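Student: Can you read through this structure? Questions will come right after.
The values are calculated or read from the model by the stated rules, or taken from the named source; none is laboratory data. The structure presented is a predicted model; accordingly, all values stated were derived computationally and were not measured. Here the Cβ positions follow ideal geometry from the backbone for every residue, glycine too, while neighbour counts run over all protein chains shown.
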Amino acid sequence: MKRTAQLGGGTPGRSRTAGRARSGTPPNATTAGMAALTPTWRSTAPRRLRDAMGRFATGVTVITTADEGEGVHGMTANGVLSVSLDPPLVLVSLGRCRMAEILPRTGRYGISVLAADQQDVAMHFAGQGHRTTAPAFTWDGGLPFLPGALAHIGCRVADVHPAGDHVLWIGRVKHMTHRDGDPLLFYAGRFTGLA
């Protein structure tokens, strides 16, 4: 079992801000809740963006693919979203990682949306777990999925778009199942659940 460690992904779009802030303040001046665009701020922008976006609670998934030569690969990710209902498209945002090297060969991926009781699975595929046994998989359409997940979504890669330090992998949905249950969430750098 190979695993790729990455939790995160998904680079948000820019908000539109033009001209001057309220009351005629120049756009690079500090105002309530806004940081000045100084060289110091720019050097810390990646961390600040990660911290700010960390306040957006997300579900937690494990992305899987199967490579004939190397077996099953999986990674924990929260940079996953629905793009289109017709045709059914989903997106996975990947940084530099083993999964991004394998997907061009396999051309498909599975998404297992984790349930609240699957934090140990999320940690394992983020390279932070202490499991003594490899997780089991269920297979559908030639793709591995995690049993107990709230949803399984199988995709064939339809398009790939570089975006900053990530690559957006758009997949056309070929398979999906789901069940009811409480999700595992990720908020402010920690796993959590519904209150």
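Student: Any chance you could count how many residues in segment 75-111 are of a type in the set (S, T, N, Q) and either outside any strand (DSSP E or B) or within 15 Å of Leu185 (Cβ to Cβ) (or both)?
Tutor: Within segment 75-111, residues that are of a type in the set (S, T, N, Q) and either outside any strand (DSSP E or B) or within 15 Å of Leu185 (Cβ to Cβ) (or both) number 3.
Student: Okay, moving on. Test each condition in (1) within 29 Å of Ala52 (Cβ to Cβ); (2) without any contact (Cβ under 8 Å) to a residue 12 or more places away in the chain for Pro147 and report the one that comes out false.
Tutor: Checking Pro147 against (1) within 29 Å of Ala52 (Cβ to Cβ); (2) without any contact (Cβ under 8 Å) to a residue 12 or more places away in the chain, the one that fails is (1).
Student: Might you let me know whether segment 171-179 holds any residue that is within 15 Å of the chain's Cα centre (by Cα) and over 23 Å from Ala57 (Cβ atoms)? Before you say what the answer is, go through the steps one by one.
Tutor: Here is the first cut: in segment 171-179, the ones within 15 Å of the chain's Cα centre (by Cα) are 171.
Checking which are over 23 Å from Ala57 (Cβ atoms) leaves us with 171.
The answer is yes, given that some residue of segment 171-179 is within 15 Å of the chain's Cα centre (by Cα) and over 23 Å from Ala57 (Cβ atoms).
Student: Moving on to the next point. Restricted to segment 143-176, and to residues that are out of contact with any Cys (no Cβ under 9 Å at 6 or more places or on another chain) and among the small types (Gly, Ala, Ser), which residue is surrounded by the most Cβ atoms within 10 Å (Cβ to Cβ)?
Tutor: Applying the filter and picking the extreme gives Ala149.
Student: If I filter segment 177-195 down to residues being free of Cβ contacts under 8 Å to residues at least 40 places away in the same chain and part of a strand (DSSP E or B), which single residue comes out as surrounded by the fewest Cβ atoms within 10 Å (Cβ to Cβ)? Explain how you work it out, then say what you get.
Tutor: Let us first name the residues in segment 177-195 that are free of Cβ contacts under 8 Å to residues at least 40 places away in the same chain, namely 177, 179-180, 190, 195.
After this cut, where a residue has to be part of a strand (DSSP E or B) as well, the list is 177, 190.
Working: Thr177: 13, Arg190: 8.
Among those that are free of Cβ contacts under 8 Å to residues at least 40 places away in the same chain and part of a strand (DSSP E or B), it is Arg190.
Student: Turning to a different aspect of this structure: Looking at segment 130-170, which of the residues that are within 18 Å of the chain's Cα centre (by Cα), at pLDDT below 95 and not in a strand (DSSP E or B) is nearest to Thr192 (Cα to Cα)?
Tutor: Asp165
For (1) within 14 Å of Val173 (Cβ to Cβ); (2) surrounded by fewer than 16 Cβ atoms within 10 Å (Cβ to Cβ); (3) over 11 Å from the mean Cα position of the chain (by Cα), each residue gets a yes or a no:
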residue: Ser84; (1), (2), (3): yes, yes, yes
residue: Pro87; (1), (2), (3): yes, yes, yes
residue: Leu91; (1), (2), (3): yes, no, no
residue: Met99; (1), (2), (3): no, no, yes
residue: Thr106; (1), (2), (3): no, no, yes
residue: Tyr109; (1), (2), (3): yes, no, yes
residue: Asp117; (1), (2), (3): no, yes, yes
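Student: Filter segment 125-142 down to the residues that are free of Cβ contacts under 8 Å to residues at least 60 places away in the same chain, farther than 18 Å from Cys155 by Cβ and surrounded by 13 or more Cβ atoms within 10 Å (Cβ to Cβ) and list them by number.
Tutor: Scanning segment 125-142 gives a single hit, Gly129.
Student: Same structure again: Please pick out the residue among Gly110, Gly154, Gly142 that is out of contact with any Leu (no Cβ under 7 Å at 6 or more places or on another chain) and small (Gly, Ala, Ser).
Tutor: After applying the criteria, what remains is Gly142.
Student: Ok, one more. Just give me the residues in segment 154-166 being farther than 19 Å from Arg105 by Cα and touching a strand residue (DSSP E or B) at 6+ places or on another chain (Cβ under 8 Å), in sequence order.
Tutor: Ala163
Student: Any idea which of Gly164, Gly107, Gly148, Gly129 is in contact with a helix residue (DSSP H, G or I) (Cβ under 6 Å, 6 or more places away or on another chain) and more than 13 Å from His73 (Cβ to Cβ)?
Tutor: Gly129
Student: Here's a follow-up. What pairs come out if I take residues in segment 55-79 that are over 18 Å from Ala122 (Cα atoms) and at pLDDT below 85 and pair them with residues that are charged (D, E, K, R) and not in a strand (DSSP E or B) whose C-beta lies under 9 Å away, six or more apart or interchain?
Tutor: Qualifying pairs under 9 Å: Glu68/Arg105; Gly69/Arg105.
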